[in-house]
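Worksheet: one structure, shown below.
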Amino acid sequence: MTVVVVESPAKAKTINKYLGNDFKVLASYGHVRDLPAKDGSVKPDEDFAMDWEVDGKSAKRLSDIATALKDEDRLILATDPDREGEAISWHVLEVLRNKGALKGKAVQRVVFNAITKQSVLDAMQNPRDIDAALVDAYLARRALDYLVGFSLSPVLWRKLPGARSAGRVQSVALRLICDRELEIEAFRAQEYWSVDGAFVTPQGAEFQASLGAISGQRLGKLDIKTEADARAIEAAVKGARFSVDSVESKPAKRHPYPPFRTSTLQQEASRKLGFSSARTMQLAQRLYEGVDIGGETVGLITYMRTDGVDMAGEAIAQARNAILKNFGEPYLPSAPRRYTTKAKNAQEAHEAIRPTDMFRHPASVRKALDDDQLALYDLIWKRTISSQMESAELERTTADIGTDGHDGKHYSFRATGSVIKFDGFLKVYHEDLDDAEDEDARRLPPMAKGDSIGVRKIEAAQHFTEPPPRYSEASIIKKLEELGIGRPSTYVSILSTLRDRGYVKLERKRLIPEDKGRVVTAFLESFFGRYVEYDFTADLEERLDKVSNGENRLENRCCAIFWRDFRGGALRNQGASRHQCPRCSERYSGASYLPGPRRRRRCARMPVLQQRPALFETRQVRLVCRLLELSRLQVHPSDDRGRRCFRCRSRRRCRVGCRSRNRRKSNAANWTLWPVLATR
């Protein structure tokens, strides 16, 4: 008998049915060990050695695996096919090896992209060793994430009480959200007007058009600035007869979208179904692990954590057969379609997310799935089938509808859109957009030059320019992917961490930074700016991807380069101050001489700290000061004796409204933030 280790108990039960009585399938329940949450778990001075810790539940499961191996001669590690799955297999192997449970045992690694009987049996016929390159990449990422987190987080705890953590990727994602909020606050709306009309073709089809030119002069978006100008135009064309001045049509093709990868599935599920990224991955996990259909547990989709967009040859052939059967020959292209992703640093090591059986229509599994599972499976099935269908043929049309106004000027209204000549893949699937309007969604009815056009209404409308929209979960994942930050398995944890830490909140499906998150971002930009830059994080991801691809097996060298720059350039200087005690000549930092209650100066001869007026002229201080004012905190605390305000030097009341009786009850962040900024 052979012992097989997978990750989840549901998967273990299904695979045991496929393999039969000669195999015993056990679950590891995910990761079996981790770095202890304490300083010193990663040792840069000892070639980045790591101290791993096994929790109680995992220890029992590993003991069960070791016990099962006593009478067997073969161990197969069949965890997920991504980097995390490879790491879990490596951890299980290392623990069992340390227990002495592998003496005389053959150890093999198998991977399968779908939980179907054929996929599992094929994988068992093609075992391999553990991929050392993937393990190296995992160890490098884990070490760097730990070092950054356990180096930056204590600084935040000390300097910004209430701030809970910082991370290599989470801090960059938080900066994206905060930068967008700053753009919105800096935005100044401009008023403008438009003149729009609802028109009718001779055949009775209605369409919309907007004023685009007056007497041959094109109008810009902001050219009609006042209501008076708009009303004058409205009056000039009221009751006038309209006709088609010109119609210009150009043929175009619209090609289908590639099958889903992790990020695009999360984005589209958010837009079409309203699912959060966490909910999407939870449902996808259930579809991947399988549901009961006709008394047999079958996985409905392939592995859901992938950045690849291509499909296996047999899957493409099956999709083409399904298209021919369900939609007919006109919808089947002459050659199969192949896709490559344009995402930065994509590895494309796995297939796209697709149904395991293209002939398994969503309607046929309706009884086996709940509503949310069915909606997600329907989305995946339609996207996959449409990716191998014929392109849609359109005719993009621009029509100018003109009239001579009562004031002698010629007014031209422009309508743009498209006429679909052949729907192609659009018969099955149409992708939603996050914030922009799809120009092809507006379809113009046929019309010809000289046609008389009826008028339903002409009206002037007031508008204001709008700031850039806040990020939704879909758009922030898209942005992170464009910048090459994060990986398919990390998007959900990044967003969850930011919400759990109280740095952002989700309101009306938009991510809004909390005051705490904005202060943390301002602090990190001021003192650790290099390490929250987008290109720096993306370049580091690219370097780590080279490790996972086997191009650079020296993962410790990658860690060493980063750690040398990080520790030398940031940590060494963040707490150091240019100030010196005038009595004992001892150099001190802001953390050593914090004003406020419960704090004592180390040097008894040191006088009360005097803040320099120039301090408040720095950009970082002004920014943080404004953020604190926004959050209604006491911005300028008094000195350590409670006698003077640092800014206005008032002995009783600060100009921003802090009363002496409230000084001791002010937020703790006020006692630590200003001394830190004083060191800049």
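The values are calculated or read from the model by the stated rules, or taken from the named source; none is laboratory data. What you see is a predicted model; the values in this text were computed from it and never measured. With ideal geometry, Cβ positions are generated from the backbone for all residues, glycine too; neighbour counts draw on all protein chains shown. For accessibility, only protein heavy atoms count, side chains too; no ligands or nucleic acids. Shrake-Rupley method; radii C 1.70, N 1.55, O 1.52, S 1.80 Å.
Students sometimes get this wrong: rank HIS430, HIS406 by accessible area, probe 1.4 Å, all chains present, largest first.
Details: HIS430 60, HIS406 130 Å².
Accessible-area ranking of HIS430, HIS406, largest first: HIS406, HIS430.
Can you pull the percent of the range 350-503's accessible area that's carbon plus sulfur, 1.4 Å probe, other chains left in place?
44
What does the charge count around ALA319 come to, taking other residues whose C-beta lies under 14 Å from its C-beta (Lys +1, Arg +1, Asp -1, Glu -1)?
+3
Quickly rank 233-239, 287-293 as a protection proxy: mean count of other C-beta atoms within 10 Å, highest first.
Peptide ranking by packing, descending: 287-293, 233-239.
Taking the radius of gyration and the Kirkwood hydrodynamic radius from Cα positions alone, what is the Rg/Rh ratio for the range 385-523, to two decimal places?
Here Rg/Rh amounts to 1.14.
Measuring with a 1.4 Å probe in the full set of protein chains, what accessible area per residue, in whole Å², belongs to the range 348-401? Kindly include the intermediate steps, with their values, before the conclusion.
Numbers: 1930 Å² over 54 residues.
Using a 1.4 Å probe on heavy atoms only, each residue of the range 348-401 averages 36 Å².
Over 29 Å between C-alpha atoms is what I'm after, so list which of LYS325/LYS478; LYS272/LYS325; LYS221/LYS427; LYS325/LYS479; LYS60/LYS105; LYS221/LYS516 land there.
Working: LYS325/LYS478 35 Å; LYS272/LYS325 27 Å; LYS221/LYS427 35 Å; LYS325/LYS479 39 Å; LYS60/LYS105 21 Å; LYS221/LYS516 38 Å.
Long pairs (Cα-Cα over 29 Å): LYS325/LYS478; LYS221/LYS427; LYS325/LYS479; LYS221/LYS516.
Just order 60-70, 274-284 by mean Cβ neighbour count inside 10 Å, highest at the front, would you?
Numbers: 60-70: 15.8, 274-284: 20.0.
The peptides rank, most packed first, as 274-284, 60-70.
What share of all Cα pairs of the range 8-114, in percent, falls into each consecutive 10 Å distance bin?
13, 43, 32, 10, 2
So for each of 169-180, 243-254, 6-17 I average, over its residues, the number of other beta carbons within 10 Å; can you give me the resulting order with the highest mean first?
169-180, 6-17, 243-254
Leaving ligands, DNA and RNA out of it, report the carbon-plus-sulfur percent of the accessible area of the range 29-138 at a 1.4 Å probe.
Carbon and sulfur: 44 percent of the exposed surface of the range 29-138.
Accessible area per residue, 1.4 Å probe, Å², for the range 1-123: what's the number?
Per-residue value: 46 Å².
Please go through the range 46-114 and write out the GluC sites (Glu not before Pro) that DSSP classes as loop and that have at most 14 other C-beta atoms within 10 Å.
Passing sites in the range 46-114 are GLU72.
Excluding ligands, DNA and RNA, what is the solvent-accessible area per residue of the range 189-334 at a probe of 1.4 Å, expressed in Å²?
45
Where does the charge balance sit around PRO9 when Lys and Arg score +1, Asp and Glu -1, over other residues with C-beta under 11 Å from its C-beta?
Charge balance near PRO9 sits at +1.
Mind giving me the nanometre distance, one decimal, between the label points for ALA189 and GLU53, set 7 Å out from Cα along Cα→Cβ?
Result for the modelled spin labels: 5.2 nm.
Can you list the HN-Hα couplings for the range 413-421, worked out from phi with the Karplus curve (6.51, -1.76, 1.60; θ = phi - 60°), rounded to whole Hz and with x for Gly and Pro?
Taking θ as phi minus 60°, the curve returns 9, 10, 10, 10, x, 8, 10, 8, 8 Hz for the range 413-421.
Mind grabbing the accessible area of ASP223 for me, 1.4 Å probe, Å², rounded to tens?
Estimated to the nearest 10 Å², ASP223 gives 80 Å².
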